[in-house]
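Q: Handing you a structure now.
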Amino acid sequence: MRKLFNRNRKLYHYIILIFLVISFNFFLPRLLPGNPLVNIMGEDISLLTMEEREAVIERYNLNDSIFKQYTTYLRNLVTLNWGTSYSKKQPISSVLWAAAPWTLLLAFSNLVISTLIGIYLGTKAGLKRRKKEDVYLLSGISFISSMPSFWLGMIFISVFSVNLGWFPIYGGYSMWQNYTGISKVIDVLRHLFLPLSTLVILSISNIFLPMRYALIEVMGEDFVFMAKAKGIPQSIIRYKYIVRNALLPVFTVFMLRVGYIFSGSVVIETVFAYPGLGRIMYDAISTRDYPLIQYSFLLISLMVILSNYITDLLYPLIDPRVVNQHENT
Amino acid sequence: MEPILKVEELKVWYGEKCKGDIIKGVSFDLNLGETLGIRGRSGSGKSTIAWAVMGMMSHLKGGMEGSILLDGKNIGNLTEKEYKKVRWKEIAIVPQAAMNSFHPMMKIKDSIGEILKIHCKITDKKQMQDKCEELMEIAHLDKKVLSYYPHKMSGGMKQRAAIAMALACEPKLLILDEATTGLDVLTEAEVLRVVKNLQRRNNMSILLISHDPRLVEVLCDKTIYIEEGVIVDHSTYHEADLLEAKAV
């Protein structure tokens, strides 16, 4: 029994964490000062009659005890009955599910492309430390990553959409065209290109820098020097000894970024009016649509926890030393 | 008899040559099946000689002058590509930091297998497994150690695994650079017994670098004592040892 508990200890920790996050999501809005109706209805509250206010209180079970409200909240959470967004006038779950695929398309493509480019350039710079190539890459990427994302996005829109007319200015697809099949795919990709390019350019440093530093550190390890003394070919030392070991901290950074996949592109989605979760959140915050904000944040928190759990599961597969530590605890 | 290793006027430096030599014209030779002890205090340049013989000075951002004849052939002026054919096949080393010299994510079997594949051209899995098991037996290690990752092994086990790895290609010359430092007395004795047996079995020559005069006395046929990069003595016990013994 104890063995079973030890083996699944991490899973239990995560289950407790999820429960706490879900509970915080319920209790925090209730700790806000003022009338809860304002939090639910926003500025529209002043326009409501007494009867309408009563109806809202009834609908959100605000007259029930906190415990009853909490159990109702848990039941609704599981059944995806998350209430209505008053700014969108639609069920919250529908709003979020409609936006999630767009964010996934944008953020996941960015994650994959920027990670691959970051690893490639980080390896190139790290292996040529302090040489011309390294200096150019390090200073160039540091300069680019310091640009504000909204500014770069606007420059791209101005140059490639407005002046050159190569790409659409906004949105995730052409709303007034009825494209189907391959034309639809091309249309979506054309809309994706500029926000994705902006995100990729700004995200490369997230992987480039840890990859470069890890590589430089690994290159100084005794086992790399010994590999040279053993007469192992340079290409094997480079990839099997140096790059493979340098990828460990990069994997951690990668998985942290997976956790923020739903929230990492708020600014870019807003600048390009991309119909993803980032834009939904921006709209929800600017219209004080509290129920929508509440569930958006819950989704982000759950995604962070899930990605951390997956990292914990995958890490022993890529670094056997972690298995041992886990077994020892 | 032609010595297996003949070092003549070896000068070694780190960084720029003009900053001064660490080894200032050292000469010695070593016959087949013999053991030469190199002694000296910390920082005297003992390990530097070992790495110079291994042709690793360019990797340590240094350089060398003089000749190093291995079996009559000057290996001191080989290019990096040519030296790769000599390393591990003809000269192998068990370094001071043997414990950290394994790839942390490779099992011992894979680390030894890699050497066998690259230098001995053994690709057959069965043949490789047999050779690995033979090496484990020679190093007095259990066969199951082959499936261990380095972090699961004790210091003594790693040291013996490093010796097994050094012997994978049956080199003519084995360099033991403080190979038993950090081990307890019993493990040290066990490791040295293994090495001595192997020397007899393979008629291998050994360059034993140690600061411990007792070790050198027991294991070596001749000794050189290095001080500030120069050979100052050829006896097992140097003045410094006698002074140290008196002080104790």
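The values are calculated or read from the model by the stated rules, or taken from the named source; none is laboratory data. Everything numeric in this text was worked out from a predicted model, so none of it was measured. Positions of Cβ are backbone-derived with ideal geometry, glycine not excepted, and every protein chain shown enters the neighbour counts. Note: areas computed on protein heavy atoms with side chains; ligands, DNA, RNA excluded. Shrake-Rupley method; radii C 1.70, N 1.55, O 1.52, S 1.80 Å.
Q: Output needed: percent of Cα pairs per 5 Å distance bin for the range A:98-328, bins running from 0 to the one holding the longest distance.
A: P(r) for the range A:98-328, in whole percents per bin: 1, 6, 11, 14, 15, 14, 12, 10, 7, 4, 3, 1, 0, 0.
Q: Please give the contour-minus-distance gain from residue A:100 to residue A:177: 0.36 nm per residue of separation, less the Cα-Cα distance, rounded to one decimal in nm.
A: 25.5 nm is the gain from fully extending residue A:100 to residue A:177.
Q: Here is a follow-up. Running a GNM on chain A with Cα contacts under 10 Å, which residue among A:218, A:271, A:200 ends up with the highest mean-square fluctuation?
A: Answer for the Gaussian network model of chain A: A:218.
Q: With every protein chain kept in the model, how would you rank B:212, B:29 by accessible area, 1.4 Å probe, largest at the top?
A: B:29, B:212
Q: Moving on. Under the 0.36 nm per residue contour assumption, what length would be gained going from the current alpha-carbon distance of residue B:65 and residue B:126 to full extension?
A: On the way: separation 61, 0.36 × 61 = 21.96 nm, distance 4.42 nm.
Taking residue B:65 through residue B:126 to full extension adds about 17.5 nm, to one decimal.
Q: Quick one: what are the phi-derived ³J(HN,Hα) couplings along the range A:241-249, Karplus 6.51/-1.76/1.60 with θ = phi - 60°, whole Hz, x for glycine and proline?
A: Once rounded to whole Hz, the list reads 8, 7, 4, 4, 6, 6, 6, 4, x.
Q: OK, next. Roughly how many Å² of residue A:46 are accessible to a 1.4 Å probe, to the nearest 10?
A: Spelled out: residue A:46, probe radius 1.4 Å, area about 90 Å².
Q: Using r as the Cβ-Cβ distance of residue A:66 and residue A:10, and R0 as 41 Å, what FRET efficiency do you calculate, to the nearest 0.05?
A: Here the calculated transfer efficiency is 0.85.
Q: Using a 1.4 angstrom probe on the protein heavy atoms only, could you order B:61, A:228, B:126, B:24 from most to least accessible area?
A: Largest accessible area first, the list is B:61, B:126, B:24, A:228.
Q: Just to confirm a number: summing +1 for Lys and Arg and -1 for Asp and Glu over residues other than residue A:173 whose beta-carbon lies under 15 angstrom from that of residue A:173, what do you get?
A: Details: positive: A:184, A:190, A:279; negative: A:187, A:269.
Once positives and negatives cancel, what remains is +1.
Q: Roll a 1.4 Å probe over the protein chains and send me the accessible area per residue for chain A in Å².
A: Using a 1.4 Å probe on heavy atoms only, each residue of chain A averages 56 Å².
Q: I've got another one for you. D for the protein assembly as shown, whole µm²/s, Stokes-Einstein with Kirkwood Rh over alpha-carbon pairs at 25 °C and 0.890 mPa s: what number?
A: Estimated diffusion coefficient is 84 µm²/s.
Q: Identify all aspartates and glutamates with a Cα-Cα distance to residue A:228 below 18 Å; exclude those on the same chain that are fewer than 8 residues away in sequence.
A: Straight-distance partners of residue A:228: A:217, B:80, B:82, B:90, B:110, B:114, B:177.
Q: What do you get for GluC sites (Glu not before Pro) in the range B:106-140 restricted to DSSP loop and a cutoff of at most 16 other Cβ within 10 Å of the site's Cβ? Don't skip to the answer; put the middle values down first.
A: Numbers: sites: B:114, B:133, B:134, B:137; in loops: none.
Filter output for the range B:106-140: empty list.
Q: Could you order A:135, A:78 so the one with the most accessible surface comes first? Probe is 1.4 Å.
A: Descending order: A:78, A:135.
Q: Express in Å², to the nearest 10, the accessible area of residue B:71 obtained by rolling a 1.4 Å probe over the protein heavy atoms while all chains stay in place.
A: 80 Å²
Q: Next up: I need the Debye-formula profile for chain B: one equal scatterer per C-alpha, no solvent, reported as log10 I(q)/I(0) at q = 0.09, 0.11, 0.12, 0.13 1/Å, two decimals.
A: Calculated log10 I(q)/I(0) at the listed q: -0.39, -0.58, -0.70, -0.82.
Q: Still on this model: Computed FRET efficiency, Cβ-Cβ of residue A:193 and residue A:74, R0 60 Å: what is it to the nearest 0.05?
A: Computed FRET efficiency for residue A:193 and residue A:74 comes out at 0.90.
Q: With each label point set 7 Å from Cα along the Cα-Cβ vector, what nm distance links residue A:59 and residue B:201?
A: 8.5 nm
Q: Now for a different question. Can you list residues whose amide H is under 5 Å from residue B:5's amide H, if they're 5+ apart or on another chain and H is modeled 1.01 Å from N?
A: Result for residue B:5 returns B:30, B:71.
Q: Counting only residues 5 or more places away or on other chains, whose amide H sits under 5 Å from the amide H of residue B:212 once H atoms are built in the peptide plane?
A: Placed amide hydrogens put nothing under 5 Å from residue B:212.
Q: Output the pairs from B:24/B:158; B:85/B:196; B:61/B:131; A:10/B:117; B:89/B:152; A:132/B:152 with a Cα-Cα distance over 32 Å in this structure; if there are none, say none.
A: Going by Cα-Cα distance, B:24/B:158; B:61/B:131; A:10/B:117; A:132/B:152 fall outside the 32 Å limit.
Q: Ok, one more. Using the Karplus equation 6.51 cos²θ - 1.76 cosθ + 1.60 (θ = phi - 60°), what ³J(HN,Hα) coupling, rounded to whole Hz, does each residue of the range B:128-142 give in order, writing x for Gly and Pro?
A: 5, 4, 4, 5, 4, 5, 4, 5, 5, 5, 4, 7, 6, 10, 5
Q: Kirkwood hydrodynamic radius (Cα pairs, Å) of the range A:205-321? Don't skip to the end; give the middle numbers.
A: On the way: mean 1/r = 0.0589 Å⁻¹.
The answer is 17.0 Å.
Q: Collect residues whose amide H, placed 1.01 Å from N in the peptide plane, falls under 5 Å from the amide H of residue A:174; neighbours closer than 5 in sequence don't count.
A: none
Q: What are the ³J(HN,Hα) couplings of the range A:188-201, residue after residue, when phi is run through the Karplus curve with 6.51, -1.76, 1.60 and θ = phi - 60°? Round to Hz, x for glycine and proline.
A: 5, 5, 5, 6, 6, 3, 5, x, 5, 4, 4, 4, 4, 4
Q: Helix-only mean residue ellipticity at 222 nm, chain A, DSSP H runs n ≥ 4 weighted -39,500 (n - 2.57), per residue, nearest 500. What is it?
A: After summing the helix terms and dividing by the residues of chain A, the value is -23500 deg cm²/dmol.
Q: In the P(r) worked out for the range B:124-191, what percent of Cα pairs fall beyond 13 Å? Mind showing how you got there, number by number?
A: Details: 1498 of 2278 pairs.
In whole percent, the long-distance tail amounts to 66.
Q: I'd like the distance between the alpha-carbon centres of the range A:94-153 and the range B:131-157, rounded to an integer number of Å.
A: 44 Å
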